[in-house]
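Below is one structure; the comments refer to it alone.
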Amino acid sequence: MSPGLVDRDGETHVRVIQGLVLSKRRFAGLLLGVVFLFAVPDLVRVAQALDISFFQLGVIHRGLVFGFAAVGLNLLLRHTELVSFGHAAFFGTGAYTAAVTAVYLDVTSLLILLLLATAIGTVMAGIIGALSLRHTGLYFALLTLAFGQLLYAIALGQSALGGSDGMPVRPGEANEPLLLGQSLGDAYGIILYYITAIIVLVGLLVMWRIVNSPFRYALDAIGQDRTRAEFIGLPVRRYVWVAFVISGVYGGVAGGLFAVFRQYVTPAGTLYFLQSGDILYMAILGGFKTLLGPLVGGVLLVVLEFVGRSVTPYFEFLTGAVLVILVFGFPEGIVGSIGEDGVFRRALARGKRGAADLRENPSVAGDWARRIGGGLRRQIDESLTTLRVIVFGVS
Amino acid sequence: MVRKGTQHDAGGIDRRGLLKAVGGTAVAAALAGCSSLIGGDGEGDGDGAGAAAGTVTSDPIEAGMLTFTRGAAGVLGIQAQRGAELAVQRINDAGGIAGKREVNLDVVDEGDSPLDSYNQFIEEGKDVTFGPISSGTHAQIAPEVESNEVVNVGTDGTVTTLYEETVPDPTYSFRFQNYDVMECVTMAREAVSRLGADNIETVAGVNPGYTFGEDEMAVFTQAIQKLTGAEVVYEGFPELGASDMSNHITSVNDEQPDVTFTSLWGGDVTTFLRQASANDMYDNTTVVGSILYSAAGDVPADALEGAELYSGSRNFYWDHPQTGNWQPGQDLFDAAQDQDGVSIPNAHYMSGYGAVTAWATAVEKAIDVLGTYPTQEQIATVLEGHGFFTPAGYHVMAADHQGMSNAVAGQMVYDDDLGGARLEDVNIYSPTETAPPPGTPASDWLESWTG
Amino acid sequence: MASGLETFIVQTLNGLQFGFVLFLVASGLTVILGILDVLNLAHGELFAFGAYVSVGVFGYITGAIAIPAGGGIVTNVVFVLAILAAIVVTGLVLVPVGVIFESVFIRPIYERDQVYQLVLTFALLLIILDVTKFIWGDVPIRTDSVYSGINQIPTSEFLGINFPTYNVFAILLGAVVVGGLFYFFERTKTGRIIRATAINREMATAIGVSTDRVFTLVFALGAFLAGIAGAVRVPPTAATLDMGTNPLVLSFVVIVIGGLGSLRGAFVGAVAVGVLRSWMITFYPPGEVAAPFAIMAVILLVKPEGLFGTWGETA
């Protein structure tokens, strides 16, 4: 079962590893993606020369790590259908662990900082998961929110953790973490980016494995109907807890990478509920029914905010408008909509049909106009009635 | 400085001599606010740096500045922006650095991700950076400044630990404005001078809940205890931008301390004073604030009614020396009126102005000595121990990279004609009274006081 | 000489005042959640928007009505009436805003996954935020004479404690609104129809109620309450762009404590959170932010339906 070419449905596909067989087009896309991922530091230099401000290493890295956390979140969201509004808790725990060990234990090894961040983040996920197990739906969302805010409050309130100003991650004499004992100097950012890229790829692979295992189907069953899942013998509590912990691991790793790259952590930037919200929206923006969606969504959202901020003071409106369009037009997210029966294809098909109709019978245009006009008038009528009702009372 | 009326009969000092007195170049004269005194309109005509002008390119110098441009903090941050912009405008009107290089100032909000914004400045290849305002931001950025090796002249970010702990031996990071120790010691001395050491037995503090506020309370406490032996009866730390400080005010009312110290700034000042007035806090304590005057243009008359309030204003109060007697000050005040968002220029206006002045005059001095445009390291070397003039007076950038200037304090009252607050009965404190000797950590210095 | 007891009373009253304003925000949130089944993340921004609107309204009314000077009873009464009018007007301005949001943005997504509701209401939060910024700019704005004016009226002085009259006013106003809301939902026909729709949507439709209209009405009511809350909140402080976030998050705590959908619960929860927060600031500052969420977590773990609540029962 080694990498190579196989025959499927009469066409040649590429087997990347055991179980992962892609069409040639998909494989090319995958290859392109990986190359692009690793080419970023070089592309950044090109972008600088071309004055493309948003393509900065820091911005892309930030999008990647938050997107990575969103990939973890997606395990809960897509399969067990649990909306977690407190994922920043794991991200922040990982980040702060790195900061605390750097500042108070003067740990200089990059790898140890990351390992500890992951470990403590996982432990936090285990604890919060165990407590949140019993709930679903809105209660689950609110409970995760509460825990997230609790951690935020602790980080904010303790001056030992830097309070609202946060903490630097600058251990040792070199004032930065060392890789295998070596100071990285000017190449620090770039090497850390490569480490991040590697970890992201490994993480995606692991998630892919999980999503293609029996565990995933068990989670799906739990997500659809918990009671029935219990009846057929699934250890619901344990499985949900495991899924929670796994998603927390991704968050913790992401937080550690974030802390170590930027060398500074703040409560508002890592633990606040708006960050949890961001992680959730990244998953949806990219398409939460896909594996890569959340990661793509992460980079997209960060870039969008960055570009928006430099273009207009009303960048929040821009983000809001994008999300509205997302909800109404592209519920499958960006990646989700690219697929075979995604929104793009369907819209294109409808457009083609409409154009054909118009060419055949120009009076169709009149029909359309009348229909739109009628619809609008109905809407206005309804709103006016509603207003009248509100002012004068329900009739 | 020569008075306007006697500029041409000042005992034989000619124009060149006058120019030398303010730093030797047209730019320095313009920044000192003396161009009109010296005659001529300050255009570069080969004075000072002119000799080397031939080897300096005429590309503009790219400068970046971080400050708060929006929100409650923006009320104050915009002052620094306008001050810096005025300084840059004066440089360019005088022909630019070395009479050749104009300065382009790019101001960016430090509120959201200051680290990213700062990194972007470096990516864009800025030749110098200014700012930030917030102490927290300054602590984040200072290590980056050192590793990027591009001179940053800080406008504020005055926390004591910056050069004592965060970056103990800076090369490229400088800070223009008087820092926390200086203004807290100023206010401690001011409190003693107004109320008398024997009358200060209890003190309280309401300070913003982040590094700066905690730092200021700690320093003030140490200083006031050395001067009076007072006991601290309450410490409150509302978060920056908090909308409700009534709990702290109620606690102060309960304890009735002789002095209540506050380092609240900008929009928080108005919130605090308004609610203090509503809760009759002025009947229960005397408020002493290190930087209350930063809200001079914002605070309403009713918030100051019935208050005996003393405030510092770091190294600049626009009416000292009185603008009637001091043309550079009057010119500065007038210029500020033409700018958006500054009705009364305060200490932060001078922070921006002075940071740019420090750098510009140092660069000009370096060009004069070297004959070419200096490297970052050379600029940094010149800046150490560099003295220069602004309309606020004479300043020194000490060898430890901390700016040293006289400190101002006075009673803060509302002036209807001005439409804002002013300081009356102003006292001046020299750096020897308010700053530790170079090399001595602030708390050690305070500890060594005998009274 | 101030006594410890007096201080404690004043601190508690401070908390009570905050709690009442919080109730105004949380009540709208819980009613919208209980009846529309939508967690309106934009609710904090409706509060902020109301605050901004109120600054203009306050200015206009106190400017237009020449308040008789002198400080006597007549002056005070006129002043209070003027402020009340301003607050109500602010609330009314929020009503069409609520109607538009509900009918245009929220109605289409009722049947969709909860995730999309969260995304959409968050998007509305961002949109309202920037619309506010667009209209009023990024600088905090304040009301002028309202706060000091109303503080001239002597109230707590009669009791010998030092508590600004404005806060007394806020508490009284909050009490009136609480009473009004309960009356509305229990005694009026419209109120009962709304509750019926929440409890059993099909049955309500069967007896001829237009659920669409009910939903729009409820959302408008929530917006109205948020607007009033903003107007009450502004005079002692300022209207700032970020003022909506904290009330939103604290409202989550409140509705969890009280029960999702319960009005009575929202009241108890809001007062509890307000007073607790006040005590924390005085006695244990790090607890100010942490305590409400600790309680929220405990309630969700131990009694998730809250102190009073079940879905749909709004009173």
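Some notes on this structure:
- Residue that is nearest to the other protein chains (Cβ to nearest Cβ) [pool: residues in the range A:127-139 that are small (Gly, Ala, Ser) and touching a residue at least 60 places away in the same chain (Cβ under 8 Å)]: A:Ser132
- A single member of C:Ile109, C:Ile127 is open to solvent by 20 Å² or more (accessible area, probe 1.4 Å) and either within 14 Å of chain A (Cβ to nearest Cβ) or out of contact with any strand residue (DSSP E or B) (no Cβ under 9 Å at 6 or more places or on another chain) (or both), and it is C:Ile127.
- Strands (runs of 3 or more DSSP E) wholly inside the range B:105-206 containing at least 2 residues that are touching a His at 6+ places or on another chain (Cβ under 8 Å): B:173-175
- Once the range A:256-272 is narrowed to residues that are assigned to a helix (DSSP H, G or I) and buried (at least 24 other Cβ atoms within 10 Å of the Cβ), the residue that is farthest from the other protein chains (Cβ to nearest Cβ) is A:Gly256.
- Cβ pairs under 6 Å, 6+ apart, first in the range C:233-260 and within 10 Å of chain B (Cβ to nearest Cβ) and within 20 Å of C:Ile87 (Cα to Cα), second small (Gly, Ala, Ser) and open to solvent by 10 Å² or more (accessible area, probe 1.4 Å): C:Thr237/B:Ser243; C:Thr240/B:Ala72
- Residue list for the range C:261-275, restricted to those being over 20 Å from C:Ile171 (Cα atoms) and either surrounded by fewer than 24 Cβ atoms within 10 Å (Cβ to Cβ) or within 13 Å of another protein chain (Cβ to nearest Cβ) (or both): C:Gly261
- Of the residues A:Leu37, A:Leu64, A:Leu73, A:Leu82, the single one that is touching a residue at least 24 places away in the same chain (Cβ under 8 Å), within 14 Å of chain C (Cβ to nearest Cβ) and in a helix (DSSP H, G or I) is A:Leu73.
- One residue alone among A:Tyr239, A:Tyr250 is more than 14 Å from every other protein chain (Cβ to nearest Cβ), touching a Phe, Trp or Tyr at 6+ places or on another chain (Cβ under 9 Å), under 13 Å from A:Leu76 (Cα atoms) and open to solvent by 50 Å² or more (accessible area, probe 1.4 Å), and that residue is A:Tyr239.
- Scope the range C:157-167; condition surrounded by fewer than 17 Cβ atoms within 10 Å (Cβ to Cβ) and either within 24 Å of the chain's Cα centre (by Cα) or away from chain B (no Cβ under 11 Å) (or both); matching residues: C:Phe158, C:Leu159, C:Gly160
- Output for the range B:114-156, where each listed residue is facing chain A (nearest Cβ under 9 Å), over 14 Å from B:Ala63 (Cβ atoms) and of a type outside the set (S, T, N, Q): B:Leu115, B:Asp116, B:Glu123, B:Gly136, B:Ala139, B:Pro143, B:Glu144, B:Glu146
- Any hit, the range C:289-302, residues being in contact with a Phe, Trp or Tyr (Cβ under 6 Å, 6 or more places away or on another chain), over 30 Å from A:Ser164 (Cα atoms) and surrounded by fewer than 19 Cβ atoms within 10 Å (Cβ to Cβ): no
- Those residues of the range A:153-167 which are open to solvent by 30 Å² or more (accessible area, probe 1.4 Å), more than 7 Å from every other protein chain (Cβ to nearest Cβ) and either more than 20 Å from B:Gly236 (Cβ to Cβ) or in contact with a helix residue (DSSP H, G or I) (Cβ under 6 Å, 6 or more places away or on another chain) (or both), in sequence order: A:Leu161
- Residue match in the range C:45-57 (condition: part of a helix (DSSP H, G or I), surrounded by fewer than 22 Cβ atoms within 10 Å (Cβ to Cβ) and at pLDDT below 90): no
- The set of residues in the range B:303-360 being open to solvent by 10 Å² or more (accessible area, probe 1.4 Å) and of a type in the set (S, T, N, Q) consists of B:Gln322, B:Thr323, B:Asn325, B:Gln327, B:Gln330, B:Gln337, B:Gln339, B:Ser343.
- Yes/no for B:Val88 being over 15 Å from B:Pro345 (Cα atoms), more than 14 Å from every other protein chain (Cβ to nearest Cβ) and among the β-branched types (Val, Ile, Thr): yes
- For A:Leu142, the test of being crowded, with 18+ Cβ neighbours inside 10 Å and within 11 Å of another protein chain (Cβ to nearest Cβ) is passed.
The values are calculated or read from the model by the stated rules, or taken from the named source; none is laboratory data. Predicted, not measured: the structure shown is a model, and the values here were computed from it. Cβ coordinates were reconstructed from backbone atoms using ideal geometry, including for glycine residues, and neighbour counts include every protein chain displayed. Protein only, heavy atoms only, side chains kept; ligands, DNA and RNA dropped before computing areas. Shrake-Rupley method; radii C 1.70, N 1.55, O 1.52, S 1.80 Å.
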